[in-house]
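Participant: I have a structure here, written as structure tokens, and I will follow up with some questions on it.
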Amino acid sequence: MRESFEIRDTDAGGRIGELTVPRAGTTVETPALLPVINPNLDTISPRRLADEFGAEILITNSYIIHGDDTLHERALEEGLHDLLDFPGAIMTDSGSFQLSEYGEIDVTTEEILDFQREIGSDIATPVDIPTPPDVSHDRAASDLETTQERLEIAEDVDTGEMLVSAPVQGSTYPDLREQAGRHATGTDLDVFPVGAVVPLMNDYRYDDMIEVVAAAKRGLGADAPVHLFGAGHPMMFALAVAAGCDLFDSAAYALYARDDRYLTVRGTRHLADLDYLPCSCAVCTDHSPAELRALPDAERESELAAHNLHVTFAEIRRIKQAIRSGNLLELVEQRARSHPAMLDGYRTLLDHAAQLERSDPVSKGSFFYTSHESARRPEVVRHHRRLERLSVPDSLLLTVDRSAPDAGYDDVWRVQPPFGPFPRALSKTYPLTAETPERTDRAALEAAADGVARLVETSPETSVTLAHRDWPADVLERLPDGVALVDLADEA
Ligand SMILES: [Zn+2]
């Protein structure tokens, strides 16, 4: 277990954790949002972020401060906390983003870490190489080697109580991301940003983003605090948290406000297109869209930025409550419905259900089957594995009917889509207490059939009869030969 990060609750790959930030003398509850502060223009002041929005941590760019004579001098003299007037924890970025956008930057790892420490940063970042998506494997691997050399240099720099992040790169190559995660977690560095995902999000490639995160997580292991670097749109927070991300930074709230864009958890709207404001924050209850449009530019930008932040922080709170209640994946399912690319992201996440299953609690409130994707949730994967360990009698009737007679069989087990068969003794346990729709769907039937197949394959001595009701022929084809079939619909 890492000293600075403690996990309190989990749901799927998501977790509520506590990140201890010794230099700030504070702990930050995760999932956490770090608003991005540009020291040259604060749309919403850091003090207001703390007082009005409850921000416990923010992030600012040490490279901008380093390169600006006035800010540089003031930061060294007053320290970042006084310079920005922020009482919580302050993370600093190193300028790697500037490197990726504008070419070489002119500081070494030692210099930029020393500088971050001198100005009073609580969590510093070395200069890594953010490799863009889709470059050659050779380039991604060679960039990664440079990043890893710098992380090793960073390990040896005297950083005192300051935490230091270890970015995980590797472009769109899962093997490199996993290797990068394993290397990063092997250093004594503290926080693990998954880097260079902004181009993926800008292109709505949420499926690729999830592949990248899942690979990084396989390398990092469960106890590392993970920062999804540059991810600030509330629409994708639930998905990213379910994949195991703990920290997000948002420049989006301010950048979008500058372009008259209004954030919602279902996507971005342009202020010009809104007839109503679907939000109850102070900005949206005090103004109509027309009133907002009529404000002077600076004021409109500030009001929109405040709304954008309210929505963003509210989504983080909603996600934490969903983790606590054990229904995070149901929230992800709702968010996945807001954009086809989000649905791709969710479906990709479920490709990694076995990986999520490791941190998914054994028991929760209740499982709601709310889309055909629910048939691929970690709970279903776990039940299928459990079937391999159950003791099975010589002859067994599996039936979808709740009140089947047990005539002639050693035992009768219920079959419930999407889980499949289970003995009566488990019927009151999670997830078999699931709420499922009366009108079941093919995905649930297929998953149930796969459960039956798993049971039959691990107990080849047992004679199994399946009493189903009108299951389609191609679903029944998933069953091994030798399963006797009864269609209850024929018997009615
Ligand atoms: Zn609002």
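The values are calculated or read from the model by the stated rules, or taken from the named source; none is laboratory data. Keep in mind the model is a prediction, meaning the values are calculated, not measured. For neighbour counting, all protein chains shown are included, and Cβ atoms are generated from backbone atoms with ideal geometry for every residue, glycine included. Surface accessibility is based on the protein's heavy atoms, side chains included, excluding ligands, DNA and RNA. Shrake-Rupley method; radii C 1.70, N 1.55, O 1.52, S 1.80 Å.
Participant: All but one of (1) of a type outside the set (Asp, Glu); (2) open to solvent by 40 Å² or more (accessible area, probe 1.4 Å); (3) under 19 Å from PRO35 (Cα atoms) hold for VAL191; which doesn't?
Facilitator: (2)
Participant: Still on this structure, I have one more. List every residue pair whose Cβ atoms lie under 9 Å apart, where the two residues are 6 or more positions apart in sequence or sit on different chains, the first residue falls within the stretch 431-445 and is in contact (Cβ under 8 Å) with a residue 24 or more places away in the chain, and the second residue, located anywhere, is acidic (Asp, Glu).
Facilitator: PRO431/GLU379; ALA434/GLU379; ARG442/ASP474; ALA443/GLU373
Participant: Please work out if ASP275 is of a type in the set (Asp, Glu) and more than 23 Å from SER359 (Cα to Cα).
Facilitator: yes
Participant: List, please: which pairs have Cβ atoms under 9 Å, are six or more places apart or on different chains, and start with a residue in the stretch 308-326 that is touching a residue at least 24 places away in the same chain (Cβ under 8 Å) and basic (Lys, Arg) and end with one that is open to solvent by 20 Å² or more (accessible area, probe 1.4 Å) and away from the ligand (no atom under 15 Å from the Cβ)?
Facilitator: Correct list of pairs: LYS320/ASP9; LYS320/GLU29; ARG324/ASP9.
Participant: Could I ask something else about it? Counting only residues that are in a helix (DSSP H, G or I) and closer than 24 Å to ILE123 by Cβ, how many does the stretch 166-177 have?
Facilitator: 1
Participant: Evaluate the following for LEU144: is it open to solvent by less than 30 Å² (accessible area, probe 1.4 Å), modelled with pLDDT under 95 and of a type in the set (A, V, I, L, M)?
Facilitator: no
Participant: Moving on to the next point. Scan the stretch 27-43 residue by residue and report those that are out of contact with any strand residue (DSSP E or B) (no Cβ under 8 Å at 6 or more places or on another chain) and part of a strand (DSSP E or B).
Facilitator: Correct list: LEU41 only.
Participant: Being assigned to a loop (DSSP other than H, G, I, E, B), open to solvent by 20 Å² or more (accessible area, probe 1.4 Å) and either more than 24 Å from THR465 (Cβ to Cβ) or among the aliphatic types (A, V, I, L, M) (or both) is the requirement here; does SER391 meet it?
Facilitator: No: the conditions fail for SER391.
Participant: Oh, and also: Any idea which residue in the stretch 410-443 is nearest to ASP11 (Cα to Cα), counting only those that are under 27 Å from the mean Cα position of the chain (by Cα) and surrounded by fewer than 21 Cβ atoms within 10 Å (Cβ to Cβ)?
Facilitator: Ranking the candidates gives TYR430 first.
Participant: Right, here's the next one. If the Cβ limit is 7 Å and pairs must be 6+ apart or interchain, which residue in the stretch 49-67 that is at positive phi pairs with which residue that is of a type outside the set (Gly, Ala, Ser)?
Facilitator: GLY54/PHE313
Here is a yes/no grid of residues against (1) charged (D, E, K, R); (2) closer than 20 Å to ARG293 by Cα; (3) in contact with a helix residue (DSSP H, G or I) (Cβ under 7 Å, 6 or more places away or on another chain); (4) open to solvent by 10 Å² or more (accessible area, probe 1.4 Å):
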site	(1), (2), (3), (4)
MET236	no, no, yes, no
LEU239	no, no, yes, no
ASP246	yes, no, no, no
ALA257	no, yes, yes, no
ASP260	yes, yes, yes, yes
LEU271	no, yes, yes, no
